[in-house]
Each structure stands twice: as structure tokens, then as C-alpha cells.
Amino acid sequence: MIYDIDFETMPREALEAIQLRRLQSTLENVYAKVPFYQKKFKEAGLVPGDIRSLKDLSLLPFTTKQDLRDNYPYGMFAVPMESVVRIHASSGTTGSPTVVGYTRRDIDTWSNLMARALSAGGATRGDIIHNAYGYGLFTGGLGVHYGAEKLGASVIPVSGGNTKRQIVIMKDFGPTILTATPSYTLHLAEVAKEMGFSLADLNFKFGIFGAEPWSENMRKELEETLGIDAVDIYGLSEVMGPGVAIECHEAKNGLHIFEDHFIPEIIDPITEEILPYGETGELVFTSITKEAFPIIRYRTRDITSLHPEPCICGRTHIRMKRVSGRTDDMLIIRGVNVFPSQIESVLMKSSDTTPHYQLVVDRENNLDTLTVKVEVSETLFADEIRMLQNTEKKISKDIKEYLGVSAKVMLVEPKSIARSEGKAVRVIDNRKR
Amino acid sequence: MRVEQISIFLENTGGRIAEVTTILSAASVNIRALSLADTTDFGVLRLIVDDNETAEKVLKENGFSVGKTSVAAVAVEDKPGGLNRILILLAKADINVEYMYALQQNGDHAVMIFRFDNIDDAVKLLDSEGIRVYKASEVASL
Ligand SMILES: [Zn+2]
């Protein structure tokens, strides 16, 4: 079901007219209310009136995570604190956290967008939503909660943790929709199994998963383990929270971005050049309806691509691919941008599970070389040399085909790639020495 | 008529073979035959042992990728042309030998391990030609 049929299926031309109007008023607002933006615009020799078309957005400076940290905690707010009704913060694993605020109208907008998202993911008024996203400073729990109430579904605010009790609730309360991180869901399924039953035997129909990167293989696993259709949800507190983009359960092929509230761009993370539709790069967002915490050209550091092709569900909003990695992990090899996650997708074609791998970059005679070490899992192993060599050749060919770089593929023994806190060290760049 | 062979992926074969044999001997697994195929980058160690289950378990515990393959233990006359006769028979029947290696001497003939692309057809053919194919239980007591 499409929750907001007028806006979600709006013809492109009308949508862009709304975007421009909303963008212009957002720019006027931040220029007047947020010293950071006024300073940045002045440095670029711009006033809000210079932005006359959506194309002109590219004239504006970017906003980075560091900018938000520099203005910790409330420096980026565009309204006085008496208008702020809610505060969230992202965890500060590296550096100080970033703090965001919401006016009453922002909460209302967010609730509406989350209601849209839940509907796209298969939820209706009659559903019972088991919400296992954490409630608290993290936007996941409350974001879904308000959206579920707005939609009129019954929400069980179970939050994260206390796994055994969650499973009893799942059994007794009969929820039909699960909202959770994919990794926690698989943990729930395992614990349920230990308790003697399968989540597939419960009432679940749809799962709406996000807040961490996951893969197509994981989708298959989740759908089989729970007997559901699984969709991907995307959001980040700096832009709003969950509900910035959502996959429709009809296509399960890319996430519709709610473009009447956010304008997406894809840029080359090095040159900062805007990339055309279909090309992979860093996702950049501009919010065009937020009051307390508007954000202009925010560099998410998430890697994806944008696809304008029409969707079978009827929504006209552009789709972004599932986020495949972070810009922090990017390598430039002979001038080609390479993300470890792209290599991972290639490897997944040759193996049922994702093998552990490591990229080693060297410079020989002023030329970059890439070696991809792949641990020989049971599925990759063959007892014939020829077959193992074919596996190496095939992976190398796939990498060349999909990424456009030549790589030497080397099969190595299981557990031979150095691990750091259980995770394989993905990249060794010897060029920096 | 099938004998189970275990195989292991080795990255650099030098000291690693000794590691494998040490692990197996510590688990009281007896190695009946061992063959190594390698390239400059990696190798595959193939083993016939008296206790596959234990061997697989301890090798996995030590982080090796263990594969299992059905092979045939075939009696080869220990005289000129003995092996040749078998290979010609197989070639005529269009059966490929992926690889082979010696298991041991048994009286007047040698016992060799063969890996065929089609083990059922191969065993049937050898049987019909009066060439002995050992059962797994017979191999164990050789
Ligand atoms: Zn759709």
C-alpha cells in the first residue's frame, strides 16, 4: 500500500517544482539562523538567492561530519531551544558524538515518512509491529515507533536486548512485522532454535531491516529463517533518522528516497564532482523540510548509486542501491576508485558465503598493483589443482569486468589472513610507506 | 568399491606437510598414503587414512579446509605394461583419470589410488575386465 499516494507517485516535473521551492526556503532559513552556513555561503561568494534551479545546488559547499562535531552540541540548530521537542545523538565511536534536534513539526514529518516507509515494507493498520530497534538517543527505536503509531498499526516497543523475553513475546503476542537490525534478527532466530522452535512458524509476514550494512545473501537467509519478505530501510540521524529511504516490498530492488523531503546527490569522494545516475560514489543529502536541524549537502560517507528508472510499485521517487560500504575504505588503484565492498560482491558470486579476503596494494615500477587474497573456504575448495586455478582466474576476470582493475587473485589457507577483533583486516596499502 | 580420500588446501607446502602429519599422529590417525599436487603458489595434499572422521575433525580444529573425495583403490600388475593396460581400457571407454598415486605394494601387484571423473562407470569397467578394485574395508586391512 502507498501511504501518501499524492506525494509518493507525483510526476517528476511537479516533484522538482516542490523540491526547488522547499530548497530555496531552507537556504533562506539556514543563512539567517545558522552562523556556520552563513559563513560557508559567504566564503563561496553566494547568497541563497543565487540558487535559482535544482542544478544550482551544486554551487553550495558540502557539510561534513567534522563540521557537525565542530559545532557540538547545538551549533547547527536553526531554531531556539524552546522550539525543540526532541534530541537524538549518534554514537561517537570516533570523536565526539553529533547531536540533532527536532521541532514538533519535524517529529510529525518524520512520523509521516516512517509511516510511508512501513507501508512500503508491507505494513498496514491491522499489523502488529515488533520493534526491536533500540529506544534511546539512537533514532531507530523511536523513529519506527512514531511511524507505526501514525500508520495506525499496533506497536510493541520491545527495544533491543533481553533476547529470550523478546522471543516469548513474539510467540505470545503474534506480531506480523519485525523491525530490527539484520544481525540481531539472526541472533533472535538462533536463540529461538535453542528454545526449541522456529521463527518461521510464527505469524511474521514482513521484516524491515536496517541500521547496518547487509547483503543480498543475508536477505535470502532472513527470508528463509523467518518465512517473510525482507526489505532494507535507510536513514541517519544527521539527515533525520530511519525513513529517509525504503525498499518497496513489491520490487525489493533499491530504496526509494523520499525526494519531497530530501535531495540526494552522488559525488566522487575525491574530486567532489557530481556523478551521473547509475555511477557509484558517495551519497550526499540536503534536507528541504526540516526546521530544527536542516542540513545542506551532507556527505554521508555511504557508498551507493542512484537509479531513476520507474518502479513496479508505482512510486516515482528515485531509488538508491543498498549501501555497499563507506568512503573511508576507498582505494585508488591506477586512478580507479575501488571499494572493498565491491570486491566482496564479486567474491560472493563464486561462493555461497562471503569468504574472508584481503586487498594488498603495492607499487612496482611506479605502477599500482592489487593482490586479492581469498581464504579457501569449504565451498571454494576443490581437490584438483586445475579447479582451484580456475577459481583464481574466474575471480580475477570478474574483478576486471566489474571494477575495471586488474588484480592478481591468490588463494590462501583458512584463518591465514590477520584478524583484528574477529574481523579480517581488509586492506593493506603498502604504497603509503 | 569407493574409498574415501581427504584433501587439504596448503598455501606454502614446505613446513605445512609436517604440521599435518604431526596433527594426525597426535590424534593417533595412521596415514596410509599421501600425495601432494602443487603449483608455485599453493598445493593440495591428498590423504588416505585409517580414520577419516577423526582426521577431518582434528584438521578442521586446526583451521584447515578439508575436502572429501571418493576414489578407487585398484590392483595394478607389477610388471611392464600393467598400468598401461588399465589406462588404455579407460581411455577407450572415454573415462578420464583426474589423478592417481600409489597406495602400497600387495604381493605381486601394486595398489594405486585413482580419481575418475565417473567412478561408477570406471569401477564397472575394471570389474568386467577382471581387474581388482578394493573395497574400503579391504584397504583398511591392507
Ligand atoms: Zn518501488
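The values are calculated or read from the model by the stated rules, or taken from the named source; none is laboratory data. Source: prediction; values computed, not measured. In this analysis, Cβ positions are derived from the backbone assuming ideal geometry, glycine residues included, and neighbour counts consider all displayed protein chains. Areas reflect the complete protein model, heavy atoms only, side chains present, ligands, DNA and RNA absent. Shrake-Rupley method; radii C 1.70, N 1.55, O 1.52, S 1.80 Å.
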From the list A:V85, A:V99, exactly one residue is without any contact (Cβ under 8 Å) to a residue 40 or more places away in the chain and open to solvent by less than 30 Å² (accessible area, probe 1.4 Å). Which is it? A:V99
Which numbered condition A:E223 fails, given (1) crowded, with 20+ Cβ neighbours inside 10 Å; (2) at pLDDT 95 or above: (1)
Unmet requirement for A:D106, which otherwise passes all of (1) among the acidic types (D, E); (2) crowded, with 18+ Cβ neighbours inside 10 Å; (3) in contact with a helix residue (DSSP H, G or I) (Cβ under 7 Å, 6 or more places away or on another chain): (3)
Residues that are in contact (Cβ under 8 Å) with a residue 60 or more places away in the chain: list the strands (runs of 3 or more DSSP E) wholly contained in region A:314-379 that include at least 2 such residues. A:331-333, A:336-338, A:357-364
From A:R334, A:R326, which residue is touching a Lys or Arg at 6+ places or on another chain (Cβ under 6 Å), open to solvent by 40 Å² or more (accessible area, probe 1.4 Å) and away from the ligand (no atom under 16 Å from the Cβ)? A:R326
Within region A:247-259, is there a residue that is assigned by TED's automatic domain parsing to the domain that holds A:V284, out of contact with any strand residue (DSSP E or B) (no Cβ under 9 Å at 6 or more places or on another chain) and open to solvent by less than 30 Å² (accessible area, probe 1.4 Å)? yes
Which numbered condition A:L236 fails, given (1) within 15 Å of the ligand (Cβ to nearest atom); (2) within 15 Å of the chain's Cα centre (by Cα); (3) among the hydrophobic types (A, V, I, L, M, F, W, C): (1)
Considering residues that are under 19 Å from the mean Cα position of the chain (by Cα), part of a loop (DSSP other than H, G, I, E, B) and in contact (Cβ under 8 Å) with a residue 40 or more places away in the chain, the number found within region A:117-143 is 5
So for region A:261-273 (the condition being within 16 Å of the ligand (Cβ to nearest atom) and within 30 Å of A:T124 (Cα to Cα)), does at least one residue qualify? yes
Checking the condition over 16 Å from the mean Cα position of the chain (by Cα) and either open to solvent by 10 Å² or more (accessible area, probe 1.4 Å) or within 11 Å of another protein chain (Cβ to nearest Cβ) (or both), which residue from B:I31, B:I6, B:I88 passes? B:I88
Residues of region A:276-296 classified as polar (S, T, N, Q) and open to solvent by less than 10 Å² (accessible area, probe 1.4 Å), total: 2
Suppose we filter region A:236-259 for residues that are touching a Ser or Thr at 6+ places or on another chain (Cβ under 8 Å), on the phi < 0 side of the Ramachandran plot and not aliphatic (A, V, I, L, M); how many remain? 3
What pairs come up if the first residue lies in region B:59-70 and is at the interface with another protein chain (Cβ under 7 Å from one of its Cβ atoms), the second is surrounded by fewer than 17 Cβ atoms within 10 Å (Cβ to Cβ), and their beta carbons are under 6 Å apart, counting only those six or more places apart or on different chains? B:G63/A:K415; B:S65/A:E378
Out of curiosity, is A:A192 assigned by TED's automatic domain parsing to the domain that holds A:N131, surrounded by fewer than 17 Cβ atoms within 10 Å (Cβ to Cβ) and in a helix (DSSP H, G or I)? no
Quick test for you: out of A:K393, A:K349, pick the one residue that is at pLDDT 90 or above and either outside the structural domain of A:P276 (by TED's automatic domain parsing) or on the phi < 0 side of the Ramachandran plot (or both). A:K393
Checking A:T271 against (1) in the same structural domain as A:A44 (by TED's automatic domain parsing); (2) touching a residue at least 12 places away in the same chain (Cβ under 8 Å), which test does it fail? (2)
Filtered residue count, region A:380-420, keeping only those that are more than 12 Å from chain B (Cβ to nearest Cβ) and either part of a strand (DSSP E or B) or buried (at least 17 other Cβ atoms within 10 Å of the Cβ) (or both): 8
